[in-house]
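The values are calculated or read from the model by the stated rules, or taken from the named source; none is laboratory data. Predicted model only: the values in this text are computed from it and were never measured. Cβ atoms come from the backbone with ideal geometry, glycine included; neighbour counts cover every protein chain shown. The protein model used for the area step is the full one, side chains on, heavy atoms only, and it has no ligands, DNA or RNA in it. Shrake-Rupley method; radii C 1.70, N 1.55, O 1.52, S 1.80 Å.
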Amino acid sequence: LHTGIEDEKWDIIVLQQQSGKSGWYLTYQPWLTQLIEIVRMHSTNAGACIAWQQTWSYAKTSKHGEFSRYGKSGKMMYESIVNCNKQLMEDSQINVIIPSGTTVQNLRQTALCDSLEFTRDGFHLDYKMGRYAAACTWFQALVAPSLKTTLAGNPCRLADTKYPLTDEEALACQLAARRACARLFEITVDK
């Protein structure tokens with residue numbers, strides 16, 4: 001940890017909880033407070049922003065061992081993660097949330113959702129829309145505000161890669177991410 005933090009003068013340092021425990025706040029403290037202290041003490045940039053990566057709930061078909069903690073319910077897991085993120089913001093110096101979990105939930109409300117719900121194994125994001133949606137979220141949460149820009153209209157479709165997206169897929173991911181960044185803890189669907 002020290003080597004990574006001290007390696008460069010980072011502007012942003014992102015932390016997250018392991019996915020299976022991300023909806024169980026007892027696993028956050030007192031370690032999160034200690035981790036933030038370590039980051040602050042060893043960061044070579046006193047003004048570095050500490051951000052939090054919100055994980056996503058597992059797909060309803062997930063066989064992950066910790067999914068039973070949430071009654072094998074993606075909805076319950078998402079709500080637990082959201083509650084932990086709200087508590088984290090109250091208890092820590094973290095005020096920037098990268099709402100990847102909300103983005104994935106937004107995307108799961110679309111007609112593009114399949115049985116794996118944008119995962120490749122029930123819990124890790126798939127290589128196409130899942131990872132693209134998370135990247136869109138990171139851009140909208142971290143880059144867009146800094147550069148006074150937006151994700152809207154971004155032409156990236158991952159052309160010439162193993163996982164190119166159609167316009168429909170890319171736009172759905174971008175919209176899900178923009179909505180998540182506007183409403184960190186609320187699933188937003190088209191009406």
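In the condition set (1) in contact with a helix residue (DSSP H, G or I) (Cβ under 7 Å, 6 or more places away or on another chain); (2) on the phi > 0 side of the Ramachandran plot, Lys72 is compliant with all but (1). Taken together, the residues in the stretch 120-148 that are open to solvent by 70 Å² or more (accessible area, probe 1.4 Å) and over 22 Å from Tyr58 (Cβ atoms) amount to 4.
Restricting the first member to the stretch 26-55 and to residues that are closer than 14 Å to Trp10 by Cβ and outside any strand (DSSP E or B), and the second to residues that are among the aromatic types (Phe, Trp, Tyr) and open to solvent by 60 Å² or more (accessible area, probe 1.4 Å), the beta-carbon pairs closer than 6 Å and six or more apart or on different chains are Asn45/Trp10; Ala48/Trp10. Of the set (1) among the acidic types (Asp, Glu); (2) closer than 30 Å to Thr149 by Cα; (3) assigned to a loop (DSSP other than H, G, I, E, B), all apply to Asp114 but (2). Of all residues in the stretch 5-25, those that are assigned to a helix (DSSP H, G or I) and surrounded by 11 or more Cβ atoms within 10 Å (Cβ to Cβ) total 6. Take the conditions open to solvent by less than 10 Å² (accessible area, probe 1.4 Å) and among the small types (Gly, Ala, Ser) and apply them to Ser57. Does it pass? Considered against the rule, which asks whether it is open to solvent by less than 10 Å² (accessible area, probe 1.4 Å) and among the small types (Gly, Ala, Ser), Ser57 comes out as yes.
Note on the stretch 8-45: residues that are over 27 Å from Ser68 (Cα atoms) and either of a type in the set (Asp, Glu) or within 17 Å of the chain's Cα centre (by Cα) (or both) amount to 6.
Checking each residue in the stretch 138-188 for being within 15 Å of the chain's Cα centre (by Cα) and of a type in the set (Val, Ile, Thr) picks out Val143, Ile187.
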